[in-house]
1. Let me know the shape class of the stretch 270-367, please: from the alpha-carbon gyration tensor, a ≥ b ≥ c as square roots of the eigenvalues, rounded when a/c is under 1.5, otherwise prolate if a/b is greater than b/c, or oblate.
2. At a 1.4 Å probe, what is the % contribution of carbon and sulfur to the accessible area of the stretch 76-165?
3. Can you tell me how much longer the chain between residue 9 and residue 66 gets when fully stretched, taken as 0.36 nm per residue apart minus their C-alpha distance, in nm with one decimal?
4. Going 7 Å from the Cα of residue 46 along its beta-carbon direction, which residues of the stretch 224-262 have the amide nitrogen within less than 20 Å of the resulting point?
5. Applying 1/(1 + (r/R0)^6) with R0 = 41 Å to the Cβ-Cβ distance of residue 387 and residue 456, what FRET efficiency is obtained, to the nearest 0.05?
6. Only four residue types carry charge here, +1 at the Cβ of Lys and Arg and -1 at the Cβ of Asp and Glu. Report the dipole size of the chain about the Cα centre in Debye, rounded to the nearest 20.
7. At 0.36 nm per residue, minus the direct Cα-Cα distance, what do residue 140 and residue 308 gain on full extension? Give it in nm, one decimal, please.
8. Would you mind calculating the relative contact order of the stretch 415-491 from Cα pairs under 8 angstrom and at least 6 residues apart, reporting the percent as a whole number?
Amino acid sequence: MPATTTTKDRQLLIGGEWVDGGAGGYEIVNPATEEVVGIAPEASVQQSLDAAAAAAAAFESWSRTTVAERASLLEAAGKLLRERLDDFVPLVIAETGCTATVGRQMQVPVAIGRFERYALGAFEPDVIPLAPQETVATPLAPGGLIGAMARRAPVGVVACISPYNFPIVNTAGKIGPALAMGNTVVVRPASQDPLAVIELVKVLHDVGFPPGVVNVVTGSTPATGEALVESRDVDMISFTGSTAVGLRIAEVGGRTMKRLLLELGGKGAAIVYDDADLATAVGSIGSVWAFHSGQICTAPTRAIVHRSRYQELVEGLSKMASMLTVGDPLESSTVVGPLITSAHRDRVEGYIGIGTDEGAEVVVGGGRPGHLDKGFYVEPTLLAEVTNDMRVAREEIFGPVIVVEAFDDDDEAIAMANDNDFGLYDYVFSADSSRAMRTARRLRSGNVGINTMQRNHETPFGGTKYSGVGRDGGSFGLHAYSELQSIVWPG
């Protein structure tokens, strides 16, 4: 499958009209080849504000559409995206550097599934009946039986700011439930790879979403995104990305009381008990390397291993790393692709250097693959002899780097896992399900996987501590993009 490389100019969608970027355009670079994939529009700040105003103007009519109308359009979007699958997959691979396997299985098909899920979700009840309450007369009103209900109402205009690792999956996961609930949206994709997201918005435009309901602005700097966060036309920010940016959004958005859904960084702890199945643990932890080169916020990058199994696990991971093919994402044998940019590669390499300076041992990797002269690659890297006070154990690296720490008893393992600013996704490996469940209940993490890396997409997804605010996923995604409204009446 050839990579999509084109200089075709794409446009912004504002109020139902496709327009050029007010500040020109900028190049999107393939992380594997360092060649230009295409030109993204450079929106002006005013265009970002115009998109927010268009979404605000469209909200009143869109929020009053029937659920059947919303569901029909979401279903149509999923169908058209499926029809255009062969156009999307190579573009996503070229922009993100994900492997062909990830592109075919985890990028576009999952985005299709999100539209299908929320086409059905639009029909979920938005009214919660409440028991009548007997009241006595007050200076406010006569006494009597007061009926009540709670209603999930749309929030208004949602700015959907998506990350670079899974651009269309994440965008679909935001706009699907937001639109199903009757909100309007402004999409602001990551600067590094916005082209497929623009094409995704084109799908929604082509199936007939009314003008202003879905808008998209892009840019190479934070300016367009910050304009959305500051705009009084925007009621909610849904952001997936780094904790540093999330903190900035919370600070700026707080000035206008923005509703926030923030899915931020992670430093996933994988507790491996002495009774764990090592093959399962090794395969799961090794997914840091094998799945999008570790550019995953839920990755188990921090292995916390019982001392009696420590060496065995390190040897198992070392063997796995030696079997992973690093190279061209388009080759079927490739397991580890590039990082998103040269700047991010430098950052990951910097952390490896910090780890060795702090006393960690590089067991595997630590550099760039010698057989590749282009692309932003880092070898699968394993750091052993790591302690919990080291920066590589505490900070998100977001690359193909695993650190391994040792513990002696269950309480120590749990304390080590919890002694971190992040709390997005942790893991427990044990043959004793009761022990694993007790541990899961004590972990300060929004999500815990027991003996698996698999997900149930109906669960509420989000983090604790510096890993974010709020939950989405399944029906909880519908809740995230709604406000509770109470309505009472005399019975």
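The values are calculated or read from the model by the stated rules, or taken from the named source; none is laboratory data. Please read all numbers here as calculations on a predicted model, not as lab measurements. Glycine also receives a Cβ, built like all others from the backbone with ideal geometry; neighbour counts cover every protein chain displayed. Just the protein is used for accessible areas: all its heavy atoms, side chains included, with ligands, DNA and RNA removed. Shrake-Rupley method; radii C 1.70, N 1.55, O 1.52, S 1.80 Å.
1. Working: a/c = 1.99, a/b = 1.33, b/c = 1.50.
Here the stretch 270-367 falls in the oblate category.
2. On the way: 2590 of 4230 Å².
After summing per-atom areas, the C and S share lands at 61 percent.
3. Values: separation 57, 0.36 × 57 = 20.52 nm, distance 3.59 nm.
Contour length minus Cα-Cα distance gives 16.9 nm.
4. The answer is 224-234, whose backbone nitrogens lie closer than 20 Å to the label point.
5. Working: r = 34 Å, r/R0 = 0.83.
Efficiency at R0 = 41 Å is approximately 0.75.
6. Details: 39 positive and 59 negative charges, 245 e Å.
In total the dipole reaches around 1180 debye.
7. 53.5 nm
8. Details: 104 pairs, mean separation 20.9, N = 77.
Reported relative contact order: 27 percent.
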